[in-house]
Amino acid sequence: MRKYLVLASIVLTTAVVAYVTTYLGALGPLGLDTRYLAKLFLANTYNPAHRELTAMSPEAVTSIVWDFRGIDTLYETVVFYMAIIAALAIYRGVSYSNVRRGSGLSLIVKVVTKLLIPINIAVAVSIAAHGHLTPGGGFQAGAALAVVSVLLAVVYSAHSFVELGVNLSRAVALRSAGLLAIALVVFTPIVISALTGTQAYLMQNYVKVDSAFSFPAHVQSQLISGTLIWFNLAEFLAVSFGFFIIFMLLSLREEVVREWVGKEDEH
């Protein structure tokens, strides 16, 4: 009975909070329209008529995340990167060479997983490549691809990483490549500004009132939304292999980690 009361209280609390926030958002403080900013974003995410305001993307969330408030997203990516560095520092020196081959799960589960992994990869790439057109983006796609590492560790055992040639060094290199790609897109306007003497801004996507600089919004009539597709693809690479690193470390058996930590303490 108690668990049903807890469940009912959670549902009731969620409903009340959702209603109150929606009601207050509709009213606004002192009768003001607090949704003006949201309306402004929605009106300009893809609006070629207002070239200096638009992000040239029909996907409002991606436009906000990587254009209208792109600096915030950049800092969030840096925070995530620092978290991965902290995890690597804790597990520094731990090697997969001591990981024993495990039996994994049943043959049926392994066969189904072999069929699911290519589908998982295809879906993740699609989410990243179309994140500027449809809901999704680099982070969501990276999280989807990282599921592959969990499947490998659980279904085939952690030793499967060794058999496939996947190691922490390569995962770190691929994650770093994603971050370097993000940095390249971020600083390209500034570099071009310095070389040509024209006005441009950090992370600038499309033309502004006082700047004619713009990343191409179309390639062969295909909408790529300037910087947005490149940010999504680079974030996809960085996030997917960031999670790969975490899941690979967590898949190590306790005795393997303890053995290495003991060696570190001796030194």
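Things to note:
- Using a cutoff of 8 angstrom between alpha carbon atoms and counting only pairs six or more residues apart, the relative contact order for the chain works out to 23 percent.
- Inverse mean reciprocal Cα-Cα distance (Kirkwood Rh) of the stretch 189-232, Å: 10.9 Å
- Dipole moment magnitude, nearest 20 debye, the chain about Cα centre, only Lys, Arg, Asp, Glu C-beta charged: 620 debye
- Calculated mean residue ellipticity, 222 nm, the chain: -21000 deg cm²/dmol, from DSSP H runs (n ≥ 4) at -39500 (n - 2.57) each, averaged per residue and rounded to 500.
- Folded to 0 to 90 degrees: helix 107-129 orientation relative to the chain principal axis, Cα: 20 degrees
- Label assignment, mean projected area of the Cα convex hull in nm² derived from the structure, set (i) 18.2; (ii) 22.5; (iii) 19.7: (ii)
- Debye, to nearest 20: dipole size of the stretch 134-267, +1 on Lys, Arg Cβ, -1 on Asp, Glu Cβ: 460 debye
- Crossing angle, helix 138-151 versus the chain [Cα axis fit, 0-90 degrees, rounded to tens]: 10 degrees
- Whether the stretch 79-203 is rounded, prolate or oblate, judged on the alpha carbon gyration tensor where a/c under 1.5 counts as rounded: oblate
- Each 5 Å bin from 0 upward holds the following percent of the Cα-Cα pairs of the stretch 126-266: 2, 10, 14, 16, 14, 12, 9, 7, 6, 4, 3, 2, 0.
- For the residues Met82, Met203, Met56, a GNM of the chain with alpha-carbon springs under 10 Å puts the largest fluctuation on Met82.
- Rounded, prolate or oblate (a/c below 1.5 giving rounded, otherwise prolate when a/b exceeds b/c) for the stretch 51-141 by Cα gyration tensor: oblate
- Pairwise Cα inverse-distance average, inverted: Kirkwood Rh of the stretch 113-176 (Å): 12.7 Å
- Between the residues Val185, Tyr206, Ile84, the greatest Cα displacement towards the positive end of the dipole of the chain, with unit charges on the Cβ of Lys, Arg, Asp and Glu, is found for Ile84.
Every number in this text was worked out from the coordinates using simple rules, so none of it is lab data. Just so we're clear, the structure is a prediction, and the values are computed from it rather than from any experiment. Counting neighbours? That spans all protein chains shown, and the Cβs are built from the backbone with ideal geometry, glycine included.
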